[in-house]
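Asks: Structure incoming, see below.
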Amino acid sequence: MKHTGNLLILALLFLVSCQQKAEQRGQSMYSFPEQTQSRWISFENPHGEKGKGGMENFGAKGHPQDSIGAGATRVLMDIKGSGVINRMWVTINDRSPEMLRSLRIDMYWDGESKPAVSAPFGDFFGVGLGRMTAFQNELFADPEGRSFVSFIQMPFKTGAKITLTNESDQPVSALFYDIDYLLTPWKKDNLYFHCYWNRDTATTPGVDYTILPDVSGKGRFLGTNIGVNANPAYGDSWWGEGEVKMYLDGDTKYPTLAGTGTEDYIGTAWGQGQFITRYSGCTIADSKNKQWAFYRYHIPDPIYFDSDCRVTIQQIGGAPKAQVIDLQKKGANLIPVTIHDGRTLHLIYKKDTVVNLAAIPYNGWTNFYRSDDVSSTAYFYLDQPTDDLPPLKPRAYRVYHLKAGKE
């Protein structure tokens with residue numbers, strides 16, 4: 001009877017919790033926030049001014065699109081006051097991998113001269129490796145493979161500026177966009193949105209790839225999307241055994257948060273096929289071209305930090321031992337890490353040493369450090385409108401060895 005009573009109490013608590021959450025969702029839908037005004041910015045109302053939308057062509061469709069010349073910068077938003085951006089939608093006529101990496105999106109908060117966001121246009125909107133594919137998750141959407149949508153909330157205290165720069169030698173002849181935001185008072189616990197893009201065209205075996213360099217301040221790591229061009233030197237071996245590590249609040253040699261593998265990090269297992277869910281997924285799983293693009297957004301499982309944060313992922317792959325031995329004989333750049341014989345995981349990694357697998361008595365699945373082309377976009381919030389991270393890498397580095405893919 002006591003056990004039954006406990007179950008009833010737990011059931012009642014669960015129902016109350018569900019009711020409270022439903023009420024909270026309902027109130028956010030039908031309650032009216034004071035001192036709040038809705039605004040859209042587009043070419044039809046470039047400053048989001050009250051009563052000044054669609055003024056061109058006597059109120060008919062007059063300025064839905066514009067262009068960005070080669071080497072030019074287009075200001076998408078530049079306003080004063082406090083508010084929060086809730087949604088952005090953009091589409092362009094040239095959605096090639098080269099253009100998606102050549103366009104640079106920058107976001108500035110509160111009049112700062114250094115952008116909090118500076119990233120390749122496609123990567124920022126969750127399009128990995130410059131390859132368009134239809135998807136929708138909690139933060140981004142590309143409904144039919146022809147547009148770019150962000151649902152990330154971006155508060156600002158005294159002003160917001162967003163620019164799009166065309167660093168290619170070709171014009172973008174058709175640019176459509178709108179930015180949907182609220183003019184609303186700043187809240188003392190608000191954090192500013194930031195973004196950091198990185199790429200290493202040939203990772204160093206034994207050195208973890210950096211998703212987010214050490215950033216100072218109080219904030220929240222929101223998540224990342226990652227693209228991998230797997231190195232053909234490793235044949236058809238699996239590339240995704242690397243563990244994500246998060247160094248928080250003074251961590252040095254070892255992190256507080258450590259994952260168990262790449263596909264594990266995004267919620268799947270035993271390999272990585274294409275799938276889309278709200279908080280994690282794999283938008284590209286192209287074994288023929290050795291390309292994978294995937295994401296994980298820490299919304300139901302927030303990652304907070306008080307003073308600093310750094311995020312990395314190991315570039316580790318795996319294959320049966322005989323296959324790895326063959327790779328060693330062919331001169332592939334690798335460092336053996338472990339062998340799993342079916343029951344025991346044998347630790348064979350020796351720092352600064354490459355063991356000869358043929359001399360190891362164990363047989364089974366063998367993990368090894370490897371070198372691949374990895375790129376990533378990290379999203380995070382910070383208690384200040386600028387950060388101490390390095391600037392975006394030049395266009396030549398961003399477009400190096402891009403594969404054409406397909407829309």
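The values are calculated or read from the model by the stated rules, or taken from the named source; none is laboratory data. Small disclaimer: the values here were computed from a predicted structure and weren't measured. Every residue, glycine as well, gets a Cβ built from its backbone with ideal geometry; the counts of neighbours run over all protein chains shown. The accessibility values were calculated without ligands, DNA or RNA, using every heavy atom of the protein model including side chains. Shrake-Rupley method; radii C 1.70, N 1.55, O 1.52, S 1.80 Å.
Asks: Take the residues of the stretch 178-224 that are out of contact with any Lys or Arg (no Cβ under 7 Å at 6 or more places or on another chain) and among the small types (Gly, Ala, Ser): which is nearest to VAL90 (Cα to Cα)?
Replies: GLY219
Asks: Something else: Return a yes/no flag: does the stretch 199-210 have any residue that is surrounded by fewer than 21 Cβ atoms within 10 Å (Cβ to Cβ) and more than 26 Å from TRP239 (Cβ to Cβ).
Replies: No, the stretch 199-210 contains no residue that is surrounded by fewer than 21 Cβ atoms within 10 Å (Cβ to Cβ) and more than 26 Å from TRP239 (Cβ to Cβ).
Asks: Something else: How many residues are in a loop (DSSP other than H, G, I, E, B), open to solvent by less than 80 Å² (accessible area, probe 1.4 Å) and at pLDDT 95 or above if we restrict to the stretch 386-407?
Replies: Matching residues across the stretch 386-407 total 6.
Asks: Could you run through the stretch 148-189 and say how many residues are surrounded by fewer than 17 Cβ atoms within 10 Å (Cβ to Cβ), polar (S, T, N, Q) and assigned to a loop (DSSP other than H, G, I, E, B)?
Replies: Qualifying residue count, the stretch 148-189: 3.
Asks: Suppose we filter the stretch 230-278 for residues that are surrounded by 15 or more Cβ atoms within 10 Å (Cβ to Cβ), in contact with a strand residue (DSSP E or B) (Cβ under 6 Å, 6 or more places away or on another chain) and among the small types (Gly, Ala, Ser); how many remain?
Replies: Selection size over the stretch 230-278: 3.
Asks: Name the pairs: first residue in the stretch 342-355 and farther than 14 Å from LYS321 by Cβ and assigned to a loop (DSSP other than H, G, I, E, B), second residue open to solvent by less than 80 Å² (accessible area, probe 1.4 Å) and modelled with pLDDT of 95 or more, Cβ to Cβ under 6 Å, at least 6 apart or on different chains?
Replies: Note: pairs meeting the criteria are TYR349/VAL337; VAL354/ILE335.
Asks: Which pairs turn up if I take residues in the stretch 168-184 that are polar (S, T, N, Q) and look for partners that are modelled with pLDDT of 95 or more and part of a strand (DSSP E or B) with beta carbon separation below 7 Å, at least 6 apart in sequence or on another chain?
Replies: Close Cβ pairs (under 7 Å, with a partner that is modelled with pLDDT of 95 or more and part of a strand (DSSP E or B)) amount to SER173/SER67; THR184/GLY83; THR184/VAL84.
Asks: It is to be established whether one or more residues within the stretch 360-369 are over 32 Å from the mean Cα position of the chain (by Cα), surrounded by fewer than 16 Cβ atoms within 10 Å (Cβ to Cβ) and free of Cβ contacts under 8 Å to residues at least 12 places away in the same chain.
Replies: yes
Asks: Taking into account only those residues within the stretch 1-57 that are β-branched (Val, Ile, Thr) and at pLDDT 80 or above, which is nearest to ASP78 (Cα to Cα)?
Replies: ILE41
Asks: So which residues in the stretch 72-94 are more than 25 Å from the chain's Cα centre (by Cα) and either open to solvent by less than 60 Å² (accessible area, probe 1.4 Å) or within 26 Å of ALA134 (Cα to Cα) (or both), if there are any at all?
Replies: Result: ALA72, ILE79, GLY81, SER82.
Asks: Another one. Just for strands (runs of 3 or more DSSP E) wholly inside the stretch 254-308: which have at least 2 residues that are among the polar types (S, T, N, Q) and modelled with pLDDT of 95 or more?
Replies: Answer list for the stretch 254-308: 280-286.
Asks: Further, regarding this structure: So which residues in the stretch 212-235 are in a strand (DSSP E or B), closer than 21 Å to PRO97 by Cβ and of a type outside the set (S, T, N, Q), if there are any at all?
Replies: If the condition is that a residue be in a strand (DSSP E or B), closer than 21 Å to PRO97 by Cβ and of a type outside the set (S, T, N, Q), then ILE226, GLY227, VAL228 are the ones that fit.
Asks: Another question, if that's okay. Write out, first by first residue and then by second, each pair whose Cβ atoms fall under 7 Å of each other, whose residues are 6+ apart or on separate chains, and whose first residue, in the stretch 32-55, is closer than 16 Å to ASP66 by Cβ and in contact (Cβ under 8 Å) with a residue 40 or more places away in the chain while the second is open to solvent by less than 40 Å² (accessible area, probe 1.4 Å) and of a type in the set (Phe, Trp, Tyr).
Replies: SER42/TYR177
Asks: Counting just the residues of the stretch 279-299 that are among the charged types (D, E, K, R) and farther than 17 Å from LEU222 by Cβ, which one comes out least open to solvent (accessible area, probe 1.4 Å)?
Replies: By that ranking, first place goes to ASP286.
Asks: Restricted to the stretch 314-339, and to residues that are touching a helix residue (DSSP H, G or I) at 6+ places or on another chain (Cβ under 7 Å) and part of a strand (DSSP E or B), which residue is nearest to ASN363 (Cα to Cα)?
Replies: Looking at residues that are touching a helix residue (DSSP H, G or I) at 6+ places or on another chain (Cβ under 7 Å) and part of a strand (DSSP E or B), I get ILE339.
To keep it simple, each residue is scored yes or no on (1) within 17 Å of VAL207 (Cβ to Cβ); (2) touching an Asp or Glu at 6+ places or on another chain (Cβ under 6 Å).
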{"residue": "TRP238", "(1), (2)": "no, no"}
{"residue": "GLU243", "(1), (2)": "yes, no"}
{"residue": "LEU248", "(1), (2)": "no, no"}
{"residue": "GLY261", "(1), (2)": "no, yes"}
{"residue": "ASP264", "(1), (2)": "no, no"}
{"residue": "GLN274", "(1), (2)": "no, no"}
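Asks: Quick one: is GLY126 at pLDDT 95 or above and surrounded by 22 or more Cβ atoms within 10 Å (Cβ to Cβ)?
Replies: So GLY126 fits the description; yes.
Asks: Moving on. Would you confirm whether or not the stretch 100-107 contains a residue that is charged (D, E, K, R), open to solvent by 30 Å² or more (accessible area, probe 1.4 Å), touching a residue at least 24 places away in the same chain (Cβ under 8 Å) and under 19 Å from TRP292 (Cα atoms)?
Replies: Looking for residues that are charged (D, E, K, R), open to solvent by 30 Å² or more (accessible area, probe 1.4 Å), touching a residue at least 24 places away in the same chain (Cβ under 8 Å) and under 19 Å from TRP292 (Cα atoms), one finds none in the stretch 100-107, hence no.
Asks: I need a count of the residues in the stretch 374-388 that are hydroxyl-bearing (Ser, Thr, Tyr) and within 17 Å of LEU248 (Cβ to Cβ).
Replies: 2
Asks: For the stretch 95-131: of the residues being among the small types (Gly, Ala, Ser) and more than 17 Å from the chain's Cα centre (by Cα), which is farthest from TYR381 (Cα to Cα)?
Replies: Ranking the qualifying residues of the stretch 95-131, first place goes to SER96.
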